[in-house]
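Asks: Pasting a structure here, questions to come.
The values are calculated or read from the model by the stated rules, or taken from the named source; none is laboratory data. Quantities reported herein were computed from a predicted structural model and do not represent experimental measurements. All Cβ positions, even for glycine, are placed from backbone atoms using ideal geometry, and neighbour counts span all protein chains on display. Side chains are part of the model used for accessible areas, which takes the heavy atoms of the whole protein and leaves out ligands, DNA and RNA. Shrake-Rupley method; radii C 1.70, N 1.55, O 1.52, S 1.80 Å.
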Amino acid sequence: MKYLLFDYEAVATYVQSSSLQSIEYNDGYRLFKHICGELSSEIFQNTVIEYVREGIVFYGIKTSSAKSDKKIFCIDLTTCNILIEKNNPSDLLTIIQKILRTALKIWNNQPFSCSERVNKSLSIVFPFTLHDRRRVVIARSDLVPRLNKRGIKFPLLAYKYNAEEPTSREDNINTDILKKAGETYLEIMPNLISKAKEHKIEDEQEVNHTLCQISSDNLIGRDDFIYWSYEKQYSKLTNSQKKVVDYEDISSPLRIEGAAGTGKTLSLIMRAYRILNDAQKKNKPIKIAFFSHSNSTHKRNLELFSIYENSNKFLDDKTSQSIQFITLLDYCCKFSNISPTLLTDRDALDAKNYELMIIENILTNSESVKKIRTYFPLLSDKMKALFFDVINEKSDNIPVICQMLHHEFGVQIKGRTDCTIDKYLDIPSIKNGLPCSGKRDKELVFMFFNIYQDTLREYGSYDVNDVTLETLSRLNGPIWRRERVTQGFDYIFVDEMHLFNVNEQSAFHYLTKSSAKEIPISFALDYNQAIGDYGDKRNDYIEASLINVEKQEYNTVFRNSPQIADFCASIAASGTLMFQTDFNNPYSKARSNFTSNEENMCNIPTLIMVNNDDDMINELSNQIDNINKLLKCKPNEIAIISFDSNLLNNEGIERLNKITGKKFALINSRSKEKTNYILASPYDINGLEFSAVILFGVDEGRVPQSVKTSDISQHFIKYSAYNLLYLTASRAKYQLILIGANTRGVSSCLEHSISAKYLSLRK
């Protein structure tokens, strides 16, 4: 096989079909097989695919009368051998989709993206992300006058595929294959037209053969996907997602991994609905729980399930087939008969913030400072560096130390030592946590832990770990061991397992009727969204306790545009380079599912640096106006995620409203007005998605949190900063804007993304 030839209509069809963007769809995999020449002539996705002696012709079925001028794109496989990638179907399909998009842009005089370059009469396409230098070179000049005379205007030729740096000399482009392919196309045209007439255009796949541009009233995409019926949703799932939904075994663990926006949560919800329906048809009782980490994701998951037919019946716990949507914290309170009024907060995320405030008050009072000074000469060098600012009554490093102590109290002391100093002295420190390396280090920390516990007792409150561990002790007791056979769940789902610390993860083990090691559980996982154990998975329940787990990876990104996915991948890569095995890159195999029309709504994420914090608010208003003009979306489809805590209160909202003339509301407030723009903390946003996201206050000093910290805490806060950047950026579908202040400087966490051109910098 020497060539692949696509005419204009075939190109326009393929780039606009969402099912052709990924090999995880049957149609996408079938297109890949055609590209490899492994099938035969057929009508496919409103195109005629014709196998000829030395190549394959892809002819688009027109919805209107044929134009006199014909446009073709030829891939010369003798010199542009993209088929060397056939052993990696995802890569090969990505190459095809990327170069077809470029061909369409050339024909329609549309602007190029950052992955496309122009060199005189050549277009150079880089199909992959990050530092992958593989490229396809396309000749744009009218190389074959003979074809021009026969009505083929502006033929394009892909004539080179390699990873070599370009040279200054011009290529000697051989056009023999282009001539042969073009003449064959003209010769078989009557046969192609005849086949096309016999085929009726599918309504759902009808193609716009104009400039493939978006209009305000025709937003092509999956925005309304969550409101479809179960059956219609199922028909549009990828093969990987269908494997999860249809997975028969409900007696052992099922683990779903994938980058943000790959559809992990929705496929879990669909799997739960299918299990319930199957049990109902068989008249088999089943009791299911669906756990979330925070109230916001709990409400979202319940809303998604409630859309399905007969969902109300399944949500009734008195029926034989029932499901309960609940946060783990609420479940533990009910199980242990702990009144919600005794919690530091009903929501796990808000509770954590309140607990951090308690620790900060303890750490900064005069008595604590005196004790630290007493211990200071006895501490290890790393702990001295960490607590230096405290004894000198400087506030820069305090928030970081509070976060580290909070994690040490909850996971290390409460979760792994039964709150005893002897056991605490024996366990190793967490790699990215407090650097306790000796007896005196741990004695100081344990002293603060006791003060923290006394403070909670004075307030009459329990923190999240208290409630979880109390529940764990009862779950592991003799009464529940006997009762779980009748009172436990038949099957449990856990959304975003990475957000639960080791204490919380361990609780899931005791909630099912089965006491076997292979518990009946499905859970979604993306460690890069986890702030919890800070990359230390040695004692992780998921890795250490769940055995014989069936694992399914999702590689198709639905939520994010290719440009936003590239930026998220660059953040993940930055974290991987810094933290190595502790920071994963979930984008190594990920591919975007955006069509050409959807991509027209997207730009490269932009970092806008202005003079100061006041100018940041003015720029925020300008960017909201720009997004409204481009996307024409409702205000509540735009989220402002603020890394500046001063905005995340009533005073901050009033200030925003006054300066911008716009209405804002905190994401967890009671306001449901669609006229309000969403304002959120980075910690409140997990599991949600928006048409556009503005990250406010992304600069050095806020992301990462402080530039005046010790090397030890800097390691910790940079790990957290990469997590939060990845988490918040991946909430955006079409547009992502970052705003920072020049007085603080560009965030060091963004250096790689800017240099790799996945983030545009505007000062």
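Asks: Given the pairs LYS284/LYS513; LYS414/LYS718; LYS634/LYS733; LYS70/LYS179, which span a C-alpha to C-alpha distance of over 18 angstrom in this model?
Replies: On the way: LYS284/LYS513 15 Å; LYS414/LYS718 26 Å; LYS634/LYS733 14 Å; LYS70/LYS179 14 Å.
The answer is LYS414/LYS718.
Asks: Whole-Hz Karplus ³J(HN,Hα) for segment 356-371, in order, using 6.51 cos²θ - 1.76 cosθ + 1.60 and θ = phi - 60°, x for Gly and Pro?
Replies: 5, 4, 4, 5, 5, 4, 5, 5, 9, 6, 4, 5, 5, 4, 4, 5
Asks: If you place +1 on the Cβ of every Lys and Arg and -1 on the Cβ of every Asp and Glu, how big does the dipole about the Cα centre of the chain come out, in debye to the nearest 20?
Replies: Computed charge dipole of the chain: roughly 1400 debye.
Asks: Quote the Stokes-Einstein diffusion coefficient, in whole µm² s⁻¹, for the chain, based on the Kirkwood radius over alpha carbon pairs, a temperature of 20 °C and a viscosity of 1.002 mPa s.
Replies: Translational D for this selection: 75 µm²/s.
Asks: If you fit an axis through the alpha-carbon atoms of helix 89-108 and take the longest principal axis of the Cα set of the chain, what angle between them do you get, 0 to 90°, nearest 10?
Replies: That works out to roughly 60 degrees.
Asks: Per the Kirkwood definition applied to all pairs of different Cα atoms, how many angstroms is the hydrodynamic radius of segment 38-121? Let's see the in-between values first.
Replies: Details: mean 1/r = 0.0657 Å⁻¹.
In segment 38-121 this quantity evaluates to 15.2 Å.
Asks: Take the solvent-accessible surface of the protein heavy atoms, probe 1.4 Å, and return the percent of it on the chain that carbon and sulfur atoms account for.
Replies: Working: 14820 of 31570 Å².
Whole-percent figure for carbon plus sulfur exposure: 47.
Asks: In degrees from 0 to 90, rounded to the nearest 10, what is the angle of the helix 562-579 Cα long axis to the longest principal axis of the chain?
Replies: That works out to roughly 50 degrees.
Asks: Next question. What per residue convex hull volume, in Å³, comes out for segment 227-290 when only alpha-carbon positions are used? Intermediate values should be presented prior to the final figure.
Replies: On the way: hull volume 6.8 nm³, N = 64.
Value for segment 227-290: 107 Å³ per residue.
Asks: How big is the Rg/Rh ratio for segment 220-341, C-alpha atoms only, Rh by Kirkwood, two decimals?
Replies: Values: Rg = 15.1 Å, Rh = 15.6 Å.
My calculation puts Rg/Rh at 0.97.
Asks: On C-alpha positions alone, give me the angle between the axis of helix 464-475 and the longest principal axis of the chain, in degrees, nearest 10.
Replies: 80
Asks: I would also like to ask the following. Along its three principal axes, how long is segment 593-646 when you only count alpha carbons? Whole Å, largest extent first please.
Replies: 38, 22, 19
Asks: Full extension from LEU761 to PHE225: what is 0.36 nm times the residue separation minus their Cα-Cα distance, to one decimal in nm? If you can, show how the numbers build up before the last one.
Replies: Working: separation 536, 0.36 × 536 = 192.96 nm, distance 3.35 nm.
Here the segment from LEU761 to PHE225 would lengthen by 189.6 nm.
Asks: Helix-derived [θ] at 222 nm for the chain: sum -39500 (n - 2.57) over DSSP H runs of at least 4, divide by residue count, nearest 500? Walk me through the intermediate numbers first.
Replies: Numbers: 28 runs with 305 residues, N = 763.
Value at 222 nm, helices only: -12000 deg cm²/dmol.
Asks: Right, here's the next one. What does the accessible area per residue of the chain come to in Å², with a 1.4 Å probe and no ligands, DNA or RNA counted? Mind dumping the intermediate values first?
Replies: Details: 31570 Å² over 763 residues.
About 41 Å² of surface per residue is accessible.
Asks: Along each principal axis of its Cα atoms, how long is segment 1-160 end to end? Whole angstroms, biggest number first, please.
Replies: Projected onto the principal axes, the Cα atoms of segment 1-160 cover 40, 36, 28 Å.
Asks: I've got another one for you. Taking 22 Å as the cut-off for C-alpha to C-alpha distance, list the pairs among LYS632/LYS663; LYS71/LYS149; LYS62/LYS86; LYS105/LYS160; LYS2/LYS33; LYS105/LYS149 that go past it.
Replies: Working: LYS632/LYS663 17 Å; LYS71/LYS149 13 Å; LYS62/LYS86 30 Å; LYS105/LYS160 19 Å; LYS2/LYS33 16 Å; LYS105/LYS149 24 Å.
Pairs exceeding 22 Å: LYS62/LYS86; LYS105/LYS149.
Asks: If only Cα atoms are counted, what is the Rg of segment 620-690, and what is its Dmax, in Å?
Replies: Gyration radius and largest Cα-Cα distance of segment 620-690: 11.5, 30 Å.
Asks: Output the peptides 247-253, 433-439 sorted from most to least packed, where packing is the average of other Cβ atoms within 10 Å over each peptide's residues. Kindly include the intermediate steps, with their values, before the conclusion.
Replies: Values: 247-253: 14.6, 433-439: 18.3.
Answer by packing, highest mean first, reads 433-439, 247-253.
Asks: With the Cα gyration tensor of segment 348-457 in hand, give its eigenvalues times 5 under a square root as the equivalent ellipsoid semi-axes, listed largest first in whole angstrom.
Replies: Working: eigenvalues 70, 65, 33 Å².
In descending order the semi-axes read 19, 18, 13 Å.
Asks: For segment 296-423, what is the convex hull volume of its Cα atoms per residue in Å³?
Replies: Enclosed volume per residue, from the Cα hull, is 162 Å³.
Asks: Can you pull the semi-axes for segment 412-460, root of five times each eigenvalue of the Cα gyration tensor, sorted largest first, whole Å?
Replies: Numbers: eigenvalues 83, 24, 21 Å².
So the three semi-axes of segment 412-460 are 20, 11, 10 Å.
Asks: Extension gain CYS36-ASN612, at 0.36 nm per residue separation less the Cα-Cα distance, in nm?
Replies: Length gained between CYS36 and ASN612: 201.8 nm.
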